[in-house]
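A short worksheet on the structure shown next.
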Amino acid sequence: MSETAVVTVAPSAAFYVSLILYAASALLFISAFVEAPRWMAPTARWALLAAFVAHGIDISWRGVLHVHPGTSVREALGLLSWVMVGGYLWWSRRFKLALLGAFVAPAALAILALARLSPSGEPMAGLSLLGRIHISLATLGVAVFTLATFVAGMYVLEERKLKRKEFDGVLYRRGAALESLDRLSHRLVVIGFPIFTAALMLGVVWGAQRAELLSRPEWWISLVTWVAFGGLIVARTTRGWRGRKAALLTITGFSASAAVLAIYLARRALGG
Amino acid sequence: MSSPAGGAGELFVVGLSWRTAPVAVRERLAFRDEEIPPALADLLASPDIDEAVILSTCNRVEIFGSTSPGGGPGARGISAAAQARSFLARSRGVAAEGLSDHLYERVDDDAIRHLFKVAAALDSMVVGESQILGQLKDAYGAAGRAQAIGAILGRSMEKAFQVAKRVRSETGISRGAANVSSVAVELARRVFDLMGKTVLVVGAGKMSALAARHLRVAGASSLIVTNRSPERAAELAAEFEGSARPWEDLPHLLAEADVVLSSTGATEPILVPRLVKAAMKARRWRPLVVVDIAVPRDADPAIGRIDGVYLFDIDDLERVVAENLKERQKEADAAMEIVEIEVGELRRWMRAQRVVPTIRSLREHFHQIAMGEAERCIGGLGAAAEQAEVQKAIRRMSELIANKLLHTPLSALKATEQVDVETMVEVTQRLFALGGPADAPGGPAGQAGQTSAEGAGPGAAVTAASSAPTSASAPASARASAAAPASAAAPASAAAAAPAKAVHSQGKKA
């Protein structure tokens, strides 16, 4: 990594350790998904925990060197995967989420790789405190939504298997109960929504300060995310929306926020 | 002891199971509980049978036993098996020729393996089922009370229970419902946790009663029964501490319940889309599992397409069972690996049992010679050997020479392969002119305790100790305690149980 900018710091050794551990955990989770000796999924979880700790050390070390996670898309993506993994580890204590690990661990690895490959390592010019808070909160919100979406995706897959009465797959044998996936996904949406709302509001203020045009597509796409998740919460409380419909809406909302992230990445890459 | 070779007996099994005999044959051979004690006594009266367990279930009738000590490799087992065979025919009043097609017999390692497979439900019709282990334990208990258990069979049975436990916990052989009535639980669990859920039984059939019982055990908190005839509903509700509700309430009940078990005799579908859709709305789309056990079906297949409704009919239940059994069969391979390891372990123990008496007498023989020569030497030296240190040194030297000379033959005996045991034992006995009462298993108990612990290697004494007296059901100790004077001197020795058996069998034949 180049050291041109003052606040750009090469990854610490802990970062590379976490990469290796993420990869090991992903591999173990995926093999556990396919054909599982009993030790595999717990081992994968321990590897993921170790990766999480190493990754956390890297993030804090960079913080000490004044590389705030909210200063660039690259740092934000790192934080995103870290929060997502932390959330997974937390909830997998109480839910049967071993199968989900086969999605979460590779996703964390992919996000980190994407962040490293992205040419947008330098912090944004003239990033105000408001901007940093906006980016951090948005990252946090999207991280929680990402996890909610993985859970919702799991729900959709399992539900389809059950409705089609396919009793021979791994999803039928070792998946969590549909209702618990539905509840977990909803709980995550409820946690992520206020964070995301705050990020959105700060973003509007920040954008106005920088006199950004509201016609930029990311504004509208972010709004789709907000409406999807907000609508989901309302529909669930008032009309008892749940299950497949809720899961599909969660996935829609997340896709919108992923699109926003992609736009940011592209914009930074193109120097916009 | 009838054979000069001494040593412990070997395991055999004779019997038939669902694999080899149709129910018409099995039912003729089955033993009622009260028939077992006299049958065991009858068996033990056979010349070559020293211990016996009779296992009689609806799927198998088997006699596990151990032979009297001695004989060539396998020879005793085979003749004992033949005796058990004729006993079976005689005691059941069946022509022996009619049975020979169905009966199988296994001796030695094959018998151990068979026992382990039976205990671990690997030989069961439903692989991994849990009943057989209980039945085997009962059979073992009955044999213990009938004083038909000694060291070999006791140890083998206890080991079989351990193997069964290991297989159950280390493989997925018992995973997944294996019968239609418990599949409802498995399917409902795919949708939600059953804790605190409500079960609705529509139509009070026997099958739904069974399924309801399983759901109740799995955590469902309340049970509602509704039936066209209210009396039957009340009956079933009372049986499961549930509530009976009128048939007309069905639309409301569907909104209350989480799992519906339907098995009415109706010819037209009862659970139709209109009814279920209204119920789903009323229950705010909380998921509903409908298990339709009735033929013709009670549920219109269209309700399965309603969001949040999970409908399973009798074919689905049977398919789940079939899938589960397939999975269990896959796990059986892993289970067989465990069985093989454990067979090897028990085989080593048994082999040690066979060479122990010979090792003991060989040691005795050498030490007697060494000590005799040492004393003669001391006597011959006269005054020169008056000092205590000198005497001690001479005795010690002769002791050391004896030990050195013993080292190689003893190692060879301990390392003898299963097939060579009898030959090795016989050769050793002839080479050193061993034999006589001292080397029979019923030899002096004090020596037995001392030498067997050394002779059978470091682990043997410990494992032997755990074989009989420490077991929970412990009928193995029943027979061992018959020889209390001998075993009391060395209760934890590998050989301690052997004298017990010897004393008994001598008593029996007297």
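Structure values in brief
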item	result
Whether chain A is rounded, prolate or oblate, judged on the alpha carbon gyration tensor where a/c under 1.5 counts as rounded	oblate
C-alpha long axis of helix A:13-34 to longest principal axis of chain A, angle in °	20 degrees
In degrees, nearest ten, helix A:243-269 long axis to first principal axis of chain A (Cα)	30 degrees
Amide H contacts of B:V225 (H built 1.01 Å from N, under 5 Å, at least 5 apart or other chain)	B:V201, B:S243, B:A244, B:R245
Peptide B:222-235 - average C-beta neighbours from other chains (10 Å radius)	0
Cα shape, segment B:194-309, gyration tensor, a/c 1.5 rule	oblate
Stretch in chain A that is longest and holds no trypsin sites (Lys or Arg not before Pro) that DSSP places in a loop and that have at most 16 other beta carbons within 10 Å	A:97-163
Estimated vicinal HN-Hα couplings, Hz - segment B:166-171 in sequence order (Karplus 6.51, -1.76, 1.60; Gly, Pro = x)	4, 4, 4, 7, 9, 10
Mean ellipticity per residue at 222 nm, deg cm²/dmol - from DSSP H runs of n ≥ 4 across chain A, formula -39500 (n - 2.57)	-27000 deg cm²/dmol
Simple label model, 7 Å out from Cα along Cβ direction - B:R286 to A:L114, nm	3.8 nm
Segment B:37-124 shape via C-alpha gyration tensor axes, a/c threshold 1.5	rounded
Within segment B:102-129: backbone nitrogen closer than 14 Å to the B:K165 label point (7 Å, Cα to C-beta)	B:120
Segment B:314-409 - percent relative contact order, Cα under 8 Å, separation 6 or more	26 percent
Subset of A:K96/B:K117; B:K159/B:K206; A:K161/B:K197; A:K161/B:K165; A:K96/B:K137; A:K165/B:K206 violating a 29 Å alpha-carbon distance limit	A:K96/B:K117; B:K159/B:K206; A:K161/B:K165; A:K96/B:K137
Loop GluC sites (Glu not before Pro), segment B:362-414 (other Cβ atoms within 10 Å of the site Cβ: 10 or fewer; DSSP)	B:E386
FRET efficiency for A:W220 and B:T267, using Cβ-Cβ distance with R0 set to 60 Å, rounded to 0.05	0.55
Segment B:17-88 - percent relative contact order, Cα under 8 Å, separation 6 or more	30 percent
Degrees separating the helix A:129-163 axis from the principal Cα axis of chain A, which is the longest one	20 degrees
Amide proton proximity set for A:F167, modelled H, under 5 Å, gap of 5+	none
Relative contact order computed over segment B:3-132 (Cα-Cα under 8 Å; 6+ residues apart), in percent	33 percent
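Readers should treat all values here as calculations from the given coordinates under stated rules, not as data from a laboratory. What you see is a predicted model, and the numbers here were worked out from it, not measured in a lab. Cβ: placed from backbone, ideal geometry, glycine included. Neighbour counts: every protein chain shown.
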